[in-house]
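Okay, structure first, notes after.
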Amino acid sequence: MAAARNSGYNANTIGYPGALKNAVAVAALENVQQNGTYRVANYSSRCNPGTDGDFVIQEKDVEVSAPGTNIESTWYDGNYNTISGTSMATPHVAGLAAKIWSTNRSLSNAQVRAEL
């Protein structure tokens, strides 16, 4: 799992390592529904619109999205803070991947990725 980056709404803004073909790039969702689903946050990086929806994961493609806006987390001063970003969305996906793998330890990384 790798955060897609917080470079905004324009196409092809995913940064590395999230842009790598073998990384699962994670975009951030916000708590706003649009067209019956949660909306990708405006700050979240976007993939190449030419390959968007082709179901073939390539370099610089977002593969999955998760809650990333207004997430409460521990903070560097030992307290808690509410922050937003693709780095806050990525742990949700990593946790889901761990749960999938823990229920069937014989799955390969490719199979866990397919389940995501």
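For this structure, a couple of remarks:
- For Leu107, the requirement of being among the aliphatic types (A, V, I, L, M), over 12 Å from Met1 (Cβ atoms) and assigned to a loop (DSSP other than H, G, I, E, B) is met.
- Members of the stretch 61-90 found to be out of contact with any Leu (no Cβ under 9 Å at 6 or more places or on another chain) and part of a loop (DSSP other than H, G, I, E, B), listed by number: Asp61, Val62, Asn70, Trp75, Tyr76, Asp77, Gly78, Asn79, Ser84, Gly85
- When Ser84 is tested against the conditions (1) closer than 22 Å to Ala114 by Cα; (2) surrounded by 13 or more Cβ atoms within 10 Å (Cβ to Cβ); (3) polar (S, T, N, Q), the lone failure is (1).
- Thr13 meets each of the listed conditions (1) polar (S, T, N, Q); (2) touching a residue at least 24 places away in the same chain (Cβ under 8 Å); (3) more than 14 Å from Ala89 (Cβ to Cβ); (4) outside any loop (DSSP other than H, G, I, E, B) apart from (4).
- Condition met for Asn31 (of a type in the set (S, T, N, Q), at pLDDT 90 or above and touching a strand residue (DSSP E or B) at 6+ places or on another chain (Cβ under 8 Å)): yes
- Selected residue [surrounded by fewer than 18 Cβ atoms within 10 Å (Cβ to Cβ) and not in a strand (DSSP E or B)] from Asn22, Asn31: Asn22
- Condition check for Asn81: more than 19 Å from Ile14 (Cβ to Cβ) and touching a strand residue (DSSP E or B) at 6+ places or on another chain (Cβ under 8 Å): yes
- Residues satisfying the stated conditions in the stretch 32-44, i.e. under 15 Å from the mean Cα position of the chain (by Cα) and farther than 17 Å from Pro91 by Cα: Tyr38, Arg39, Asn42, Tyr43
The values are calculated or read from the model by the stated rules, or taken from the named source; none is laboratory data. Being a predicted model, the structure only gives us computed values, none of them experimental. Glycine also receives a Cβ, built like all others from the backbone with ideal geometry; neighbour counts cover every protein chain displayed.
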